[in-house]
Amino acid sequence: GRLGAQLWIALGILPDILLDQPLGNTRRDRMLGDLAKSWRTFEEIAASLPSSCDLADTRLALVLDQLERSGGEAAVLTLAALRERGLVTKATWRRVARLLELGPLPVPEGQQRWFLHRAGELWPAAVSRGATLTGDVDDKDSRASRLASAVALATGRAAEIFDPPPLVTGHDLRQRQALAPGPRMGRILAILYRRQIEGRITSRRQALEIAARLLAGNDPSD
């Protein structure tokens with residue numbers, strides 16, 4: 001969490017506590033300087049999110065991100081090592097691993113909707129980390145706009161994004177397209193559901209039309 005990471009920094013054991021071997025002073029100083037910059041960006045972002053959001057997992061993910069960017073192992077491998085050494089709980093390991101699968105917060109609305117869907121109940125942590133990661137390419141105003149859009153979607157369109165019932169089921173494809181269950185059906189259902197989440201498909205009729213095009217190999221947007 002926040003206090004834990006700050007304590008690591010104050011004691012001078014970050015990032016060494018995350019590694020099997022200590023870093024040299026130059027590399028440690030550079031990494032801590034970069035982390036401090038990311039931390040300031042993150043704290044600005046965190047202040048704009050609903051006060052009830054728990055962002056402890058974001059803080060650990062950002063430390064692991066920075067360690068990787070400074071030449072360390074992949075963040076997921078460092079996280080696994082922390083779990084093996086008993087430095088994080090199994091629940092924390094699972095949550096942070098999910099965050100590490102998500103990259104910077106995208107700009108287009110459809111991509112933001114899919115990003116939020118993948119994050120699920122961890123969306124505040126994923127959005128705060130994702131917006132922080134855009135610091136290298138976004139100015140403050142652009143980042144704020146991107147963040148505001150994602151928060152508005154997560155809070156105002158939750159029923160459409162997080163766990164909506166699919167517009168088309170396997171039964172529909174069997175009945176309407178004579179498609180037998182199997183990998184091909186699974187791929188088509190996955191494509192339709194993603195487009196539904198992204199807001200590109202809004203009705204059952206539209207979904208069935210796209211399914212027919214996918215089966216015929218005539219869908220240029222696939």
Checklist entry - Can you pull out the helices (runs of 4 or more DSSP H) entirely within the stretch 18-137 that have at least 2 residues that are open to solvent by 10 Å² or more (accessible area, probe 1.4 Å) and at pLDDT below 90? => result 25-47, 56-69, 75-84
Checklist entry - Is it the case that A5 is open to solvent by less than 20 Å² (accessible area, probe 1.4 Å) and either of a type in the set (D, E, K, R) or modelled with pLDDT under 70 (or both)? => result yes
Checklist entry - Only one residue in G182, G217, G156, G186 is of a type outside the set (S, T, N, Q) and either surrounded by 18 or more Cβ atoms within 10 Å (Cβ to Cβ) or at pLDDT below 90 (or both). Which one? => result G217
Checklist entry - Looking at (1) touching a helix residue (DSSP H, G or I) at 6+ places or on another chain (Cβ under 8 Å); (2) without any contact (Cβ under 8 Å) to a residue 60 or more places away in the chain; (3) farther than 25 Å from G199 by Cα, can you tell me which one T78 breaks? => result (2)
Checklist outcome for this item: Over the stretch 200-214, the set of residues open to solvent by 40 Å² or more (accessible area, probe 1.4 Å) and closer than 30 Å to A154 by Cβ is R200, T202, S203, R204, R205, Q206, E209
Item to check | All positions within the stretch 90-121 that are among the small types (G, A, S) and more than 24 Å from P166 (Cα to Cα) | outcome: A91, A97, G103
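The values are calculated or read from the model by the stated rules, or taken from the named source; none is laboratory data. Because the structure is predicted, anything quoted here is derived from the model rather than measured. Cβ sites come from the backbone with ideal geometry, for glycine too, and all protein chains shown count toward neighbours. Quick note on the areas: whole protein, heavy atoms, side chains included, nothing else; ligands and nucleic acids left out. Shrake-Rupley method; radii C 1.70, N 1.55, O 1.52, S 1.80 Å.
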